[in-house]
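The values are calculated or read from the model by the stated rules, or taken from the named source; none is laboratory data. Remember, it's a predicted structure, so these values are computed and weren't measured experimentally. Glycine gets a Cβ as well: all are built from the backbone with ideal geometry, and neighbour counts include every protein chain shown.
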């Protein structure tokens, strides 16, 4: 506008110019209201007026807004991407909150009060009082069956989920298996079908009756949903094709775990493969324990 | 080997350092100032302000500089900054009829009250590279000319015409087109940046989304309506570009206050007529408005706005430009570029799941084929 307006709109010179955890309190209140509604109606997608964040859409803006809205000064934050604390985007988001909220961060699952995640749930069982914040790209589980938002909202309202079962059945007819390996749809508290975000279906059972609060934020699509602690979360399946989780023939090359989700590392161009835990904290904890035992012996 | 995917912190720091170097270019050249960008790239600045939905030439210029000229990135920078600003009120409806015009053309009337004013435009230029602009600055003659001919925003208020009636108003007077509903008759205009969008959207929401929608996307959609995908027979009723006053009426004051002046580009298209029930047929209208000198954007927006009114006029919805959900959900460049670019993020875990599944399915297939061939062989024996 004119010169005077430009003065008041001058960009902030330091992090001090931003509110605690970046978002202004009004925005946080708006998000918390949406969160309360989401917790009250498990699995239901609550629209919220998401803000542009200083990170790109698709890079965790929904999760970042939720984390910003719930963080308190005494919280300890862990951020993972693909299960790892040291992937670039996890580093970037952790730094963002370290800068704007000056809170304590950790890589230890047990020590964290808030865990923001992309695509994984930690292997270490979550505890009562912990909050998981999931970054969600497409919150609508029916989206790839029905592209129209007006239609899918009506389908949820009417509990009209036949098409989802038809889709899963068609997978079995075509491939012999349900051909969904991540973002595997679940039914929450016997009512809403929900996208658990693109976690591998390996992680789906961890949602069931978890003592932790699970919050899901989709920034670009402007939706929030939640699974309260101890809620039933059932992965969709059929009696003759029950839900099953993948098992590896190998174990982790570093910690030897046969229980955890493994990433496949290509070691050479001659078909060499190595498997490692995707959850870096879990893997390191196990390695340390192994070293301790060796040292003690 | 595994270390290669780790060490994120150091990699990020190095990447930022390299980016700063890339942006600065050769140190043999003077660093460009954001003021220079504001003054000499006004159309890029206009686009960043419009799609960034924040009218601030200085910050838009800064964003362009910081983004190394990447307009989409600059828009994102400005948007993210905008999101941190408090919303302190609404302006009164802006009267574009009282615009201090720098350009005003109508393709529907040869002459009309207020006249045709070509103003600064690329139209009718021959797109030949002007090699005299090449290299270092040598614009003394331009400086001479500027002394005698002020820019439109430098013309003193008293020397500009008080108002210039809008083309559509002539049609409305003759009842050949419907007047738009006056804003007073409606409750407060929803703000798409503060209230989550629910579909179907109202026209105010649609126009807000289109106003900050990606110019390229809207241009392509507008073009598609001209090529038969949702035809609306448009005429450029009027295009006007100029400066408008912005007034607010704070509740505690009770009277309106002028807070400044902004440059806008406005386009109204006159489109094929439609007859609602028990009504005489009338022309219909598409509306486009954009910050700054942004004629292509305003025209594209007007065509898409009209296409999106299909349901209102009882037209069959058959084309992408008429599909409200399709257009509104995909026209935002900040959302679109973010989500496309997120594919660069690691997807090891999801890909691993897909690998496992594919191997499992293939194993199943192999086993089945072996069984079949065993059975087939067994039959022969």
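Data table
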read-out	value
Test: residue in region A:94-114 that is out of contact with any strand residue (DSSP E or B) (no Cβ under 8 Å at 6 or more places or on another chain) and within 25 Å of residue B:72 (Cα to Cα)	yes
Hey, residue A:31 surrounded by fewer than 19 Cβ atoms within 10 Å (Cβ to Cβ), more than 10 Å from every other protein chain (Cβ to nearest Cβ), farther than 23 Å from residue A:278 by Cβ and out of contact with any strand residue (DSSP E or B) (no Cβ under 6 Å at 6 or more places or on another chain) or not	no
Total residues in region A:222-248, condition part of a loop (DSSP other than H, G, I, E, B), within 13 Å of another protein chain (Cβ to nearest Cβ) and out of contact with any strand residue (DSSP E or B) (no Cβ under 9 Å at 6 or more places or on another chain)	2
Selection count where residues are without any contact (Cβ under 8 Å) to a residue 60 or more places away in the chain and surrounded by fewer than 18 Cβ atoms within 10 Å (Cβ to Cβ), scope region B:31-57	7
Some residue of region B:298-314 being part of a helix (DSSP H, G or I), at pLDDT 95 or above, within 30 Å of residue A:87 (Cα to Cα) and more than 9 Å from chain A (Cβ to nearest Cβ)	no
Top-ranked residue in region A:119-139 [being outside any loop (DSSP other than H, G, I, E, B) and farther than 20 Å from residue B:348 by Cβ; ranked as farthest from the other protein chains (Cβ to nearest Cβ)]	A:131
Residues located in region B:289-318, provided they are surrounded by fewer than 21 Cβ atoms within 10 Å (Cβ to Cβ) and under 11 Å from residue B:222 (Cβ atoms)	B:296
Residues (within 14 Å of another protein chain (Cβ to nearest Cβ) and loosely packed, with under 15 Cβ neighbours inside 10 Å) located in region A:152-169	A:154, A:157
Residues satisfying the stated conditions in region B:274-310, i.e. free of Cβ contacts under 8 Å to residues at least 60 places away in the same chain and over 17 Å from residue B:103 (Cβ atoms)	B:274, B:275, B:276, B:277, B:278, B:279, B:281, B:286
Hits in region A:28-54 (condition: assigned to a loop (DSSP other than H, G, I, E, B) and either farther than 15 Å from residue A:101 by Cβ or within 15 Å of the chain's Cα centre (by Cα) (or both))	A:41, A:42, A:43, A:44, A:45, A:48, A:49, A:50, A:51, A:52
Spans of helices (runs of 4 or more DSSP H) in region B:1-80 with at least 3 residues more than 19 Å from residue B:296 (Cβ to Cβ) and not assigned by TED's automatic domain parsing to the domain that holds residue B:193	B:8-24, B:34-40, B:57-66
Selection from region A:184-221 of residues that are within 14 Å of residue A:237 (Cα to Cα) and part of a loop (DSSP other than H, G, I, E, B)	A:184, A:185, A:190
In region B:321-335, the residues that are part of a helix (DSSP H, G or I), under 14 Å from the mean Cα position of the chain (by Cα) and more than 8 Å from every other protein chain (Cβ to nearest Cβ)	B:327, B:328, B:330, B:333
Some residue of region B:54-65 being out of contact with any helix residue (DSSP H, G or I) (no Cβ under 7 Å at 6 or more places or on another chain) and within 14 Å of another protein chain (Cβ to nearest Cβ)	no
Conditions (1) within 16 Å of the chain's Cα centre (by Cα); (2) more than 7 Å from every other protein chain (Cβ to nearest Cβ); (3) buried (at least 23 other Cβ atoms within 10 Å of the Cβ); number of the one not met by residue A:70	(3)
Selection count, region A:39-62, where residues are within 24 Å of residue B:199 (Cα to Cα) and within 13 Å of chain B (Cβ to nearest Cβ)	13
Number of positions in region B:336-353 that are at pLDDT below 90 and within 18 Å of the chain's Cα centre (by Cα)	0
Evaluation of residue A:20 against (1) within 21 Å of residue B:12 (Cβ to Cβ); (2) surrounded by fewer than 17 Cβ atoms within 10 Å (Cβ to Cβ); (3) more than 12 Å from every other protein chain (Cβ to nearest Cβ) (one fails), failing number	(1)
Enumeration of residues in region B:256-272 that are part of a strand (DSSP E or B) and away from chain A (no Cβ under 14 Å)	B:265, B:266, B:267, B:268, B:269, B:270, B:271, B:272
Close pairs from region A:157-168: first in contact (Cβ under 8 Å) with a residue 24 or more places away in the chain, partner in a helix (DSSP H, G or I), Cβ under 8 Å, at least 6 apart	A:161/A:155
Some residue of region A:283-297 being outside any helix (DSSP H, G or I), surrounded by fewer than 16 Cβ atoms within 10 Å (Cβ to Cβ) and on the phi > 0 side of the Ramachandran plot	no
Among the candidates B:321, B:236, residue that is surrounded by 17 or more Cβ atoms within 10 Å (Cβ to Cβ), under 24 Å from residue B:106 (Cα atoms), in contact (Cβ under 8 Å) with a residue 60 or more places away in the chain and in contact with a helix residue (DSSP H, G or I) (Cβ under 8 Å, 6 or more places away or on another chain)	B:236
